[in-house]
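The values are calculated or read from the model by the stated rules, or taken from the named source; none is laboratory data. Please read all numbers here as calculations on a predicted model, not as lab measurements. Don't worry about glycine lacking a Cβ; one is built from the backbone with ideal geometry, like all the others, and counts go over all protein chains shown.
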Ligand code: CP
Ligand code: NVA
């Protein structure tokens, strides 16, 4: 494994598969790993709020025998009180790894380059790779073979959408992304994912029609219409995105037993109806659960002794 976990795009197919396998093993045989990070400390830098990421990294570290130190937005004021690079040069003297949730993606890249310890991307405006690793772990649990699987993503072409595209490209799944005009995924990410997926069977359809996106889908995924940091656009977006709400009517256009997915937190009655979120085919809490296992696998790979994994 490379030093940092910043984007699924950076992983080789082999590394992606290995991480998926390790996450599965961590989940099925947790006792095997309970001291693998004994004595190790992870610092968690948060510039945005969190439930799942905060909890699963901290609980994951504790379950692996290590400890986690939480730094709230007001604590270090990274980028204003002290530059990203200087923060990295300090932290590497005290701890064994850094998880960071921040705005600008470049912050994570700069932090990684500034220090010798692993840096894990816990969400940026551009990507949310830990989420997509957990989501694909969840999909592999439900469908052993994702080569003929169609994942529809409707809503905002945001950080979650981008990381799902990178994961789909590795897994060889088909993806359809339906967004209002002007809210599609970043063209550079579309291009990189297409390159990653050239030989895996990955294919992407981009559309402004939510029905076309979900038509025949095996799973329908959505996320909030205004991400953290976009609160000022909430009202404007609510109007534009209304036709993209995932409700029973839209789910009916997907395959009959299609899964509903969401990274959470969900805004009931906005991007998803409560009826769909609470439905039998909703796997949102399986996704949330797998954040723990997927991230334990990432931390073991980056912070553990490789030899320990085969004991
Ligand atoms: N899905 C996710 O990352 O949740 P949090 O923002 O609560 O961490
Ligand atoms: N797109 C959302 C994901 C939250 C987990 C955001 O960035 O706020």
Which numbered condition residue 238 misses (of (1) out of contact with any helix residue (DSSP H, G or I) (no Cβ under 9 Å at 6 or more places or on another chain); (2) more than 16 Å from ligand 1 (Cβ to nearest atom); (3) under 27 Å from residue 174 (Cα atoms); (4) touching a residue at least 12 places away in the same chain (Cβ under 8 Å)) = (3)
Helices (runs of 4 or more DSSP H) wholly in segment 1-97 with at least 3 residues that are within 22 Å of the chain's Cα centre (by Cα) - which ones?
-> 13-28, 52-63
Scan segment 152-194 for residues that are under 15 Å from the mean Cα position of the chain (by Cα) and either closer than 16 Å to residue 255 by Cα or in a strand (DSSP E or B) (or both) and jot them down.
-> 153
Flag for residue 129 being away from ligand 1 (no atom under 13 Å from the Cβ), modelled with pLDDT of 95 or more, more than 23 Å from residue 207 (Cβ to Cβ) and in contact with a helix residue (DSSP H, G or I) (Cβ under 9 Å, 6 or more places away or on another chain) = no
Check 62, 19 and return the single one that is more than 30 Å from residue 231 (Cα to Cα) and touching a residue at least 60 places away in the same chain (Cβ under 8 Å).
-> 19
Residue match in segment 107-124 (condition: surrounded by fewer than 22 Cβ atoms within 10 Å (Cβ to Cβ), closer than 30 Å to residue 222 by Cα and within 14 Å of ligand 1 (Cβ to nearest atom)) = no
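Looking at the structure I just gave you, is residue 288 part of a helix (DSSP H, G or I), at pLDDT 95 or above, within 16 Å of ligand 2 (Cβ to nearest atom) and more than 19 Å from the chain's Cα centre (by Cα)?
Values: part of a helix (DSSP H, G or I): yes; at pLDDT 95 or above: yes; within 16 Å of ligand 2 (Cβ to nearest atom): yes; more than 19 Å from the chain's Cα centre (by Cα): no.
Considered against the rule, which asks whether it is part of a helix (DSSP H, G or I), at pLDDT 95 or above, within 16 Å of ligand 2 (Cβ to nearest atom) and more than 19 Å from the chain's Cα centre (by Cα), residue 288 comes out as no.
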Matching residues, segment 197-230, being buried (at least 22 other Cβ atoms within 10 Å of the Cβ) and in a helix (DSSP H, G or I) = 210, 213, 214
Quick one: residue 231 ticks every box in (1) within 16 Å of ligand 1 (Cβ to nearest atom); (2) in contact (Cβ under 8 Å) with a residue 12 or more places away in the chain except a single one, so which number is it?
-> (2)
